[in-house]
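Written below as structure tokens is the structure these notes are about.
Read the figures in this text as sums done on the coordinates, not as results from a lab. Please read these numbers as outputs of a predicted model, since none were measured by experiment. So basically every Cβ, Gly included, is an ideal-geometry build from the backbone, and we count neighbours across all protein chains shown.
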Ligand SMILES: [Fe+2]
């Protein structure tokens, strides 16, 4: 029987895009049709806050440290900063680099609690990226099922690890990765709210205190000393444009209608692709990457985006090599889905520019 529980706008929207009617969504997710309609009409603002107590009901033992009155007071500084940057639109965080070419590594959708995620491969990619001293980006969907994920997340997940083990894996990923830039995905959003934000905050503070973190899209500018600045937009999925059959639909629309980035990186659909596109109207060249993530045997992805049968490891992650001496009318970077090729190109640039 349908019950009146809220899963959140993203969950309903994703199901609606797939199924095409609110009634079908309600049937699949076992919720009241009026709840679905209300939430879809209300947009993303209607996402319900999950109750923290529900975690305790689930027998969940990992808890964050107690919030003190001083913490509550100090947290105002971050809220104020956020309000200010939203109000002034100056939300480009800066990453300073020494002179020279550099690499930006785009990881997304690791789903580290899924049976079909090859954790050893993920770990090797992270280590190889550190060896290149890459700027480490995480694009969301760290876990399939946070404790409150509900039916929608479970539908696309096959996993044997327990919830506490999943959480520990998530923390281990952050420790291995030491991310420089971090955004959440829909699997976090379906479990959103203050609890998860604080939990991530504590792990990230310990592993990577300078991390640039945003809820859905992070914008950052890399400033190599004496070289060209490049603007990056990292999103789990750019809001406009989604297509299983066109990996860069969202990127192109974001580049045309959104803010003025040079490089766009996204995940979510578990498809991979690289695009170089000249924006005649903006007199610039942009690079877009969609990374497929690490859930190799995903039934949806295997059927549609990975060509039908055999899981392909290509495009799980991308390495974008940027030439700090590139002119403004030249490409801001070159993207690779092979870390060895990225390294070779980086070495080539370093040798060339060192003369
Ligand atoms: Fe995902």
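Structural remarks
- The stretch 69-354: relative contact order as a whole-number percent, Cα under 8 Å and 6+ apart: 22
- Sites residue 246 and residue 94 - FRET efficiency at Förster radius 30 Å, r taken between beta-carbons, to 0.05: 0.40
- Multiplying the residue separation of residue 257 and residue 34 by 0.36 nm and removing their Cα-Cα distance gives an extension gain of 77.0 nm.
- Between residue 239 and residue 338, the FRET efficiency estimated from the beta carbon spacing at R0 = 25 angstrom works out to 0.25.
- Here the extension length gained between residue 225 and residue 172 equals 15.8 nm, from 0.36 nm per residue of separation less the Cα-Cα distance.
- q = 0.23, 0.28, 0.30 Å⁻¹, the stretch 9-48: log10 I(q)/I(0) [Debye, one scatterer per Cα]: -0.61, -0.90, -1.03
- Gain upon complete extension [residue 78, residue 66; 0.36 nm per residue less C-alpha separation]: 2.5 nm
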